[in-house]
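Written out below as structure tokens is the structure these notes cover.
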Amino acid sequence: MPTGSNGFSTPDPGLLLTLRLARFAAVLRAAGIPVGSGEVIDALDALREVDPLDREQTRLALSATMAKDERAHASFDRLFAGFFISPQEAASRESSRTAREELQAAEDRRRMGEGRADLQFMGRQLDLTDEQLATYSRLSAAQRERLREFLQRADGDPASLDPALLPLVEHVVREHLERWRRQLAVARRAAPGANDEQIDDGYRGFVAGAGGGDDPLLQLDMQQIPAQETGRAMALIRKLARRLAARIMRRYRAARRDERIDFRRTIRANYRYGGTLIDLRYRARRLRKPRIVLICDVSGSMAKYSSFTLYFAHGLAKVVSDLRAFLFAEDLEDVTPRLRALAGTPSTLAGLAEGSKVWGKGTNLGIALRRLEDEHDRLLTGNTVFVIVSDTKTLAAAEAAAILARMRARVRGIIWLNTVPADQWDTLPAAVLLAEHVDMYQCSSLGDLETVLRRAILVGTG
Amino acid sequence: MDFDLSNAELAEAFRAYDYICGQDVLLPVYLALRLHKPLLVEGAPGVGKTEIAKVLAKILDVELIRLQCYEGLDENKALYEWNYQRQLLRIQMGRDARESDLFTEEYLLMRPLLRAIRSATRPVLLIDEVDKVDEAFEAFLFELLSDFQVSIPELGTLTADHIPVVVLTSNSERELSDGLKRRCIYLYIDFPSPEREVEIIRARAPAVPAALARQISLAMHFLRTGLDLRKKPSIAETLDWAQALLSLGIGELDAAVVAGTAGMILKNHSDLETLARELDANGLKRLLNA
């Protein structure tokens, strides 16, 4: 860093720019855009090629080097606008930050006062530092309640109380608060800006504007999609169903043509070279697109997801020619012909639900899969991909798991779209059991479905 | 051939070749040229992704080498293959042929990637629809794009004399790997605004009257944003439609004209039905409403 005439170092403008870009990269990362140091270096190189005073060129240069997919591209502009701000805006942010800090300090003081009143033993305040009281004030209501309960229990019978217990109780409370203080510090470090106000501000500005950049519809739990958004949701689900079909149907692997020489045709073609095998003929590999068997859970527990299930089934039926669709609850019902014939408006799809024999019943995946094995055995080939939409809340899960294990050996893949969030699967024994035999993905919002499609599904098959 | 074009010169050259676009498209192209990085272009089908590489080759006056990706593309088709037939003939012609004689560049069938590396001048290499290949091939591709050299066991390592200008396009059917994206300058092309589409029509089909061009661009904008179509019409379809209307001598759109020529812009049955329902219900009201 160069040194000025007054002996203090003056910041190097290049270094300042690098620092600023590194902070911006942190904001992008916090918003879910993967930006590595390679991208920051590219961004610096790009900025050297554009007019530094032209804001639009700066935005485009950074966008081209730091936001490298459609989703990132969509949220980039708002993140840029929130981070690179005018001096006036920076000053106003600074003053609002000061105001916020003052408010926070006042709130902390008030809650510390409450803390002193809460944390008493035998009518005496515990000897706690301000920092420990501040930690107490930042705890959740439930955590504070637990600490108060502990003190009340310790305080229980005044007759049997010994003042000598006070240091012991104080020690326990201090230990607890220390542990929580460390946890809070860890959680705070994990937050986007790690206490860097510029990063925090940039990120806050981004989050404040509608749902973190993506279409808000993507973030909604599928059972909460409002009626007026149904049309758009249906279009989106259809689009995603189409993409799922493309992912499953695409044959990425190369044909192993070197193993499949067609001798009869080769010899025939090489008569004219006197029998020397110059022109090799290969057996054309028959291109067989996989068949999709869709099995949708329409039992009572899945009722709230019924619209999603139906739109999804309908969307797939429109794009996949070789699709078989079943609804299941206590039993299995083939709805393929009826689904194909429908126009796909909410009312006709609701009609399909009403006409179904299994709709809204209890769930027994065991029976449903057994019937599939018994009656539709010819669907179970190496060319079939199963897609199951269900919340895994089923009877006979062990039987279902055993059948799925058998089926998995026969079909190309089993994808399970689970409407229960992944962090709750551990609490559902059936989910744990079934997940062993299928590729299970969380699918409670349209955003989840999109995420599934972005991941490599059924890699290595095909 | 001038690879040191300024941003303004590049803009002018794109316009000269009738590629009408804004700085949002031009600047990433300019940066890719300046920073010697591959350009990754994403966007819906028919927004002009491939055209960028073609125009670049014309502007730089160099060869365009194209690798069209498809399901199951392998290194034999993309990089090189030994010319087995020729090797066989050589063996038959001279019985004293040694093995080392058969594995020379003479018997090498160069596929697009190797051709780009061995090119005597700096070419434009277009890797089209890269999202259609599998992950393993993609990994191979980004190794190639970082070193621009290829090892052929029988020949040794072949290094590029001139680093090609690389343009990759993707229809976003599959998420590309971070490694590939990290090496590229990214460009996302959206459908043009109605105003820009008028410019495109006027540049590519100058005989189309301004008023008709305006109507066409409004209608296309509505079709892409206002209706739920399986396949949104591309710019190529806009131009086809404009030419068709011109040759029919039509100066102004009406519902009958749109219904009669809908096959020029929508290429599947359910989309045609959607448009027919729209025309029945609202006529041209929503279609031509800016």
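Screening B:Pro28 on (1) more than 9 Å from every other protein chain (Cβ to nearest Cβ); (2) at pLDDT 95 or above; (3) under 22 Å from B:Ser146 (Cα atoms) shows it passes everything except condition (1). For the criterion of being assigned to a helix (DSSP H, G or I), at pLDDT 85 or above and assigned by TED's automatic domain parsing to the domain that holds B:Lys49, B:Leu125 fails.
Residue-level check: of (1) within 14 Å of chain A (Cβ to nearest Cβ); (2) over 30 Å from A:Ile248 (Cβ atoms); (3) assigned to a loop (DSSP other than H, G, I, E, B), B:Asp18 misses just (1).
When you check B:Arg34 against the structure, is it surrounded by fewer than 23 Cβ atoms within 10 Å (Cβ to Cβ) and more than 12 Å from every other protein chain (Cβ to nearest Cβ), yes or no? Spelling it out, it is not the case that B:Arg34 is surrounded by fewer than 23 Cβ atoms within 10 Å (Cβ to Cβ) and more than 12 Å from every other protein chain (Cβ to nearest Cβ). The residues of the stretch A:73-98 include none that are within 14 Å of chain B (Cβ to nearest Cβ) and out of contact with any helix residue (DSSP H, G or I) (no Cβ under 8 Å at 6 or more places or on another chain). Among the residues of the stretch B:64-117, those that are modelled with pLDDT under 80 and among the small types (Gly, Ala, Ser) comprise B:Gly72, B:Gly94, B:Ala97, B:Ser100.
Among the residues examined, A:Arg340 does not qualify as of a type in the set (D, E, K, R), in contact (Cβ under 8 Å) with a residue 24 or more places away in the chain and either under 30 Å from B:Thr274 (Cα atoms) or touching a helix residue (DSSP H, G or I) at 6+ places or on another chain (Cβ under 9 Å) (or both). Does B:Ile117 qualify as being farther than 18 Å from B:Ala53 by Cα and touching a residue at least 12 places away in the same chain (Cβ under 8 Å)? It is false that B:Ile117 is farther than 18 Å from B:Ala53 by Cα and touching a residue at least 12 places away in the same chain (Cβ under 8 Å). Looking only at the stretch B:201-216, residues that are touching a residue at least 60 places away in the same chain (Cβ under 8 Å) and over 17 Å from B:Leu248 (Cα atoms) come to 2 in all. Among the residues making up the stretch A:378-410, those that are closer than 18 Å to A:Arg324 by Cβ and under 28 Å from the mean Cα position of the chain (by Cα) are A:Thr384, A:Val385, A:Phe386, A:Val387, A:Ile388, A:Val389, A:Ser390, A:Leu404, A:Arg408. Counted as qualifying within the stretch A:26-142 are the helices (runs of 4 or more DSSP H) with 2 or more residues that are in contact with a Gly (Cβ under 8 Å, 6 or more places away or on another chain) and outside the structural domain of A:Asp155 (by TED's automatic domain parsing), namely A:70-83.
Looking across the stretch A:59-102, the residues that are among the basic types (Lys, Arg) and buried (at least 16 other Cβ atoms within 10 Å of the Cβ) come down to A:Arg59, A:Lys68, A:Arg71, A:Arg78, A:Arg93. The lone criterion from (1) touching a Ser or Thr at 6+ places or on another chain (Cβ under 9 Å); (2) within 17 Å of A:Gly351 (Cα to Cα); (3) away from every other protein chain (no Cβ under 14 Å) left unmet by A:Ala313 is number (1). At least 2 residues being away from chain B (no Cβ under 14 Å) and at pLDDT below 60 is the threshold, and among the helices (runs of 4 or more DSSP H) wholly inside the stretch A:166-251 those reaching it are A:197-208.
Could you check, for the stretch B:117-124, whether at least one of its residues is crowded, with 16+ Cβ neighbours inside 10 Å and closer than 30 Å to A:Arg71 by Cα? Yes, some residue in the stretch B:117-124 is crowded, with 16+ Cβ neighbours inside 10 Å and closer than 30 Å to A:Arg71 by Cα. Going by the structure shown, is B:Thr157 surrounded by fewer than 19 Cβ atoms within 10 Å (Cβ to Cβ) and free of Cβ contacts under 8 Å to residues at least 24 places away in the same chain? Spelling it out, B:Thr157 is indeed surrounded by fewer than 19 Cβ atoms within 10 Å (Cβ to Cβ) and free of Cβ contacts under 8 Å to residues at least 24 places away in the same chain. Looking only at residues that are within 19 Å of the chain's Cα centre (by Cα) and of a type outside the set (A, V, I, L, M, F, W, C) in the stretch A:30-67, which one is farthest from the other protein chains (Cβ to nearest Cβ)? Here the residue is A:Gly32.
Report yes if A:Val438 is away from chain B (no Cβ under 14 Å), aliphatic (A, V, I, L, M), closer than 28 Å to B:Asp178 by Cα and over 17 Å from the mean Cα position of the chain (by Cα), otherwise no. Spelling it out, A:Val438 is indeed away from chain B (no Cβ under 14 Å), aliphatic (A, V, I, L, M), closer than 28 Å to B:Asp178 by Cα and over 17 Å from the mean Cα position of the chain (by Cα). Here B:Met110 meets each of (1) of a type in the set (A, V, I, L, M); (2) under 23 Å from B:Ile59 (Cβ atoms); (3) touching a Phe, Trp or Tyr at 6+ places or on another chain (Cβ under 9 Å) with one exception, condition (2).
The set of residues in the stretch B:254-278 being crowded, with 18+ Cβ neighbours inside 10 Å and either more than 21 Å from B:Ile200 (Cα to Cα) or modelled with pLDDT under 90 (or both) consists of B:Asp271, B:Leu275, B:Glu278.
The helices (runs of 4 or more DSSP H) located wholly in the stretch B:232-290 that include 3 or more residues which are touching a residue at least 60 places away in the same chain (Cβ under 8 Å) occupy B:235-247.
Would you be able to say whether some residue in the stretch B:81-99 is within 30 Å of B:Tyr30 (Cα to Cα) and assigned to a helix (DSSP H, G or I)? No - not one qualifying residue is present in the stretch B:81-99.
Is it the case that the stretch B:38-46 has a residue that's more than 14 Å from chain A (Cβ to nearest Cβ) and either in contact (Cβ under 8 Å) with a residue 12 or more places away in the chain or over 17 Å from the mean Cα position of the chain (by Cα) (or both)? Taking every residue of the stretch B:38-46 in turn, at least one turns out to be more than 14 Å from chain A (Cβ to nearest Cβ) and either in contact (Cβ under 8 Å) with a residue 12 or more places away in the chain or over 17 Å from the mean Cα position of the chain (by Cα) (or both).
Starting from residues that are assigned to a loop (DSSP other than H, G, I, E, B) and either more than 9 Å from every other protein chain (Cβ to nearest Cβ) or modelled with pLDDT of 80 or more (or both), keep the ones in the stretch A:252-273 and report whichever is farthest from the chain's Cα centre (by Cα). My answer is A:Asn270.
Kindly indicate whether any position in the stretch B:62-73 is facing chain A (nearest Cβ under 8 Å) and either charged (D, E, K, R) or part of a helix (DSSP H, G or I) (or both). The answer is yes; a qualifying residue exists.
Selection of the stretch B:169-195 for residues being without any contact (Cβ under 8 Å) to a residue 40 or more places away in the chain and either crowded, with 21+ Cβ neighbours inside 10 Å or more than 10 Å from chain A (Cβ to nearest Cβ) (or both) yields B:Ser193, B:Glu195.
Can you pull out every residue in the stretch A:1-27 that is in contact with a Leu (Cβ under 7 Å, 6 or more places away or on another chain) and modelled with pLDDT of 90 or more? Once the filter is applied, which keeps residues that are in contact with a Leu (Cβ under 7 Å, 6 or more places away or on another chain) and modelled with pLDDT of 90 or more, the stretch A:1-27 yields only A:Leu21.
In the set (1) surrounded by fewer than 16 Cβ atoms within 10 Å (Cβ to Cβ); (2) in contact with a Lys or Arg (Cβ under 6 Å, 6 or more places away or on another chain); (3) within 14 Å of chain A (Cβ to nearest Cβ), the condition left unmet by B:Arg90 is number (2). Could you grab me the full set of residues in the stretch B:154-168 that are modelled with pLDDT under 95 and within 14 Å of chain A (Cβ to nearest Cβ)? Those that are modelled with pLDDT under 95 and within 14 Å of chain A (Cβ to nearest Cβ): none in the stretch B:154-168.
The values are calculated or read from the model by the stated rules, or taken from the named source; none is laboratory data. Being a predicted model, the structure only gives us computed values, none of them experimental. Please note: Cβ atoms are built from the backbone with ideal geometry, for glycine as well, and neighbour counts cover all protein chains shown.
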